[in-house]
Amino acid sequence: MAEEKKPKIDLKARLGKGAGGVAPPVGGIPAPPLSSSSGVGSVAPPAPGALPPPPGMPVGPPPAFGKSSVDPANPYSSPGATSRAQPPQPQRIEVDELTVQEARRGARKQGLLAGLVVAGVVGAIGYIAGGALETSKGRQKSVNDAKSLASDVTKSRDQLKTIADKIDAGRSSLFKDKKFPEGLAKELSAINVDFDGNKLAGVRFSGFPQETTSTLIEYITQVQALNDRKSAVVGLLQRLQKPILEQLASGQKTSINFVVFFGKQDPAKNPFAMLAQLQKPIEAANPSAIALPAEFTATDPITRQSISAPKYATGNLDKPSAVYVLPKSIEAACPSETAGSIAQLGSQLGRVLNDIRGEQAAPGGDVVTESKPGLTDRADKLAASLIRVQ
């Protein structure tokens, strides 16, 4: 095998053209290379037998002081340029459009939330301030409403007193003087106690004590019940005026309407008396001077036939005869419809008076009858309570 030819090393070409010759070493120490015209030192080969320089140690003299080995045209072409840090290159950062939109929405939500919080705080402050102002206005309205209601209650109390006075006078005329109060119905119709539920429309009760409110509602209910009872009394007065006037007129004189027939026997032969109504009443202006007819004519209540009998004078009662019946006893035993109506009217009049004036217990501490305040007393207490509302 032919030996490979080793390339011939041209030291001049490696060390640079135009370099001067190398002086022979003295004492075995190689002489320093001479500088070339290019400024780059040439390195002489080591002498035979001499030790080579350690690795990494520069061979040759250091560059001349004050001269730079950097090419001004290309500063990065110097031997040390490769070890310098390169300047940072600009980098392009790409952001997804969806990420941008989500970031915008997040910022918008945060801004909206912050705005809502601020608005809530401002609204709360305004609500508290406005609530305090509204409370003050409401309380003042409550006081004004209470005063207005107190005035209306006082007016209704005066109307109640007027009704009581007129009813008291009418009842006294009917039962004491035996005269019908003809103008009472018209007078009562003209008076209406104006205090109903409409008085509470729009009223502010924030400052009213609970007891005052309860008394107010109770008073309204009782006043309306009394108005209804007064209307019933007016109806009775109008309906009973004519029959009561006739009965009162007849009460001034004696009117005989019934007689008792004697002289009859039942199937067992027992005598009995029969009450019958005269076909024509007997009128007597003077009860102490009653003129009776010699014979009474009446209607048999059983057969509805006309019967007659002579006036009883003396003797046995086994013979047909008749005597008249005292009118007061008939009225007491069998009250007429008119008499019952008068009693009903008197009861209604007394009830209205008790509702207005109240009921007083009997002297001596009657356990059954207790004192009950009337509407006039309730009105006075209610008006005083309303005036104290603050």
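The values are calculated or read from the model by the stated rules, or taken from the named source; none is laboratory data. Please read these numbers as outputs of a predicted model, since none were measured by experiment. Cβ placement follows ideal geometry from the backbone for every residue including glycine, while neighbour counts extend to all protein chains displayed.
Determine, yes or no, whether LYS199 is of a type in the set (Lys, Arg) and more than 33 Å from the chain's Cα centre (by Cα).
no
Determine which member of the set LYS137, LYS161 is touching a helix residue (DSSP H, G or I) at 6+ places or on another chain (Cβ under 7 Å), basic (Lys, Arg) and either modelled with pLDDT under 90 or part of a helix (DSSP H, G or I) (or both).
Testing whether each residue is touching a helix residue (DSSP H, G or I) at 6+ places or on another chain (Cβ under 7 Å), basic (Lys, Arg) and either modelled with pLDDT under 90 or part of a helix (DSSP H, G or I) (or both) leaves just LYS161.
Is it fair to say ILE282 is within 23 Å of THR254 (Cα to Cα) and out of contact with any Gly (no Cβ under 9 Å at 6 or more places or on another chain)?
Taking the combined requirement at face value, the residue satisfies it.
Please identify the pairs in which a residue from the stretch 309-329 that is within 16 Å of PHE296 (Cα to Cα) and touching a residue at least 40 places away in the same chain (Cβ under 8 Å) has its Cβ atom under 7 Å from the Cβ atom of a residue that is part of a helix (DSSP H, G or I) and among the charged types (D, E, K, R), counting only partners at least 6 apart or on another chain.
Sorted first by the residue in the stretch 309-329, then by its partner, the list stays empty.
Looking at the stretch 213-234, which of its residues are closer than 19 Å to ASP145 by Cα and more than 21 Å from the chain's Cα centre (by Cα)?
TYR219
Which members of the stretch 189-216 meet the condition of being in contact (Cβ under 8 Å) with a residue 12 or more places away in the chain and either within 14 Å of ARG378 (Cβ to Cβ) or of a type in the set (Lys, Arg) (or both)?
The answer is VAL193, PHE195, LYS199, ARG204, GLU211, THR212, THR215, LEU216.
Yes/no matrix, rows are residues, columns are (1) in contact with a helix residue (DSSP H, G or I) (Cβ under 6 Å, 6 or more places away or on another chain); (2) surrounded by fewer than 12 Cβ atoms within 10 Å (Cβ to Cβ); (3) in a loop (DSSP other than H, G, I, E, B); (4) modelled with pLDDT of 90 or more:
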position: ALA289; (1), (2), (3), (4): no, yes, yes, no
position: ARG304; (1), (2), (3), (4): no, yes, yes, yes
position: SER308; (1), (2), (3), (4): no, no, no, yes
position: GLY364; (1), (2), (3), (4): no, yes, yes, no
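Filter the stretch 328-339 for residues that are modelled with pLDDT of 75 or more and either on the phi > 0 side of the Ramachandran plot or loosely packed, with under 13 Cβ neighbours inside 10 Å (or both) and give the result.
Passing the criteria: LYS328, SER329, ALA332, ALA333, CYS334.
Hey, can you tell me all the residues within the stretch 178-216 that are under 30 Å from GLU246 (Cα atoms) and in a loop (DSSP other than H, G, I, E, B)?
LYS178, LYS179, PHE180, PRO181, GLU182, GLY183, ALA190, ILE191
For the stretch 314-345: of the residues being among the aliphatic types (A, V, I, L, M) and touching a strand residue (DSSP E or B) at 6+ places or on another chain (Cβ under 8 Å), which is farthest from LEU236 (Cα to Cα)?
So, considering only residues that are among the aliphatic types (A, V, I, L, M) and touching a strand residue (DSSP E or B) at 6+ places or on another chain (Cβ under 8 Å), the one farthest from LEU236 (Cα to Cα) is LEU317.
Collect the residues in the stretch 218-267 that are aromatic (Phe, Trp, Tyr) and in a helix (DSSP H, G or I), keeping them in residue-number order.
Hit for the stretch 218-267 is TYR219, nothing else.
I'm trying to understand the selection: among the residues of the stretch 198-221, which are in contact with an Asp or Glu (Cβ under 9 Å, 6 or more places away or on another chain) and closer than 19 Å to ASP355 by Cβ?
Once the filter is applied, which keeps residues that are in contact with an Asp or Glu (Cβ under 9 Å, 6 or more places away or on another chain) and closer than 19 Å to ASP355 by Cβ, the stretch 198-221 yields only ILE220.
When the stretch 170-207 is examined, which residues are found to be at pLDDT below 90 and in contact with a Phe, Trp or Tyr (Cβ under 9 Å, 6 or more places away or on another chain)?
Result: LEU174, single match.
State whether one or more residues within the stretch 270-279 are over 30 Å from LEU237 (Cα atoms) and in a loop (DSSP other than H, G, I, E, B).
Scanning the stretch 270-279 turns up at least one residue that is over 30 Å from LEU237 (Cα atoms) and in a loop (DSSP other than H, G, I, E, B).
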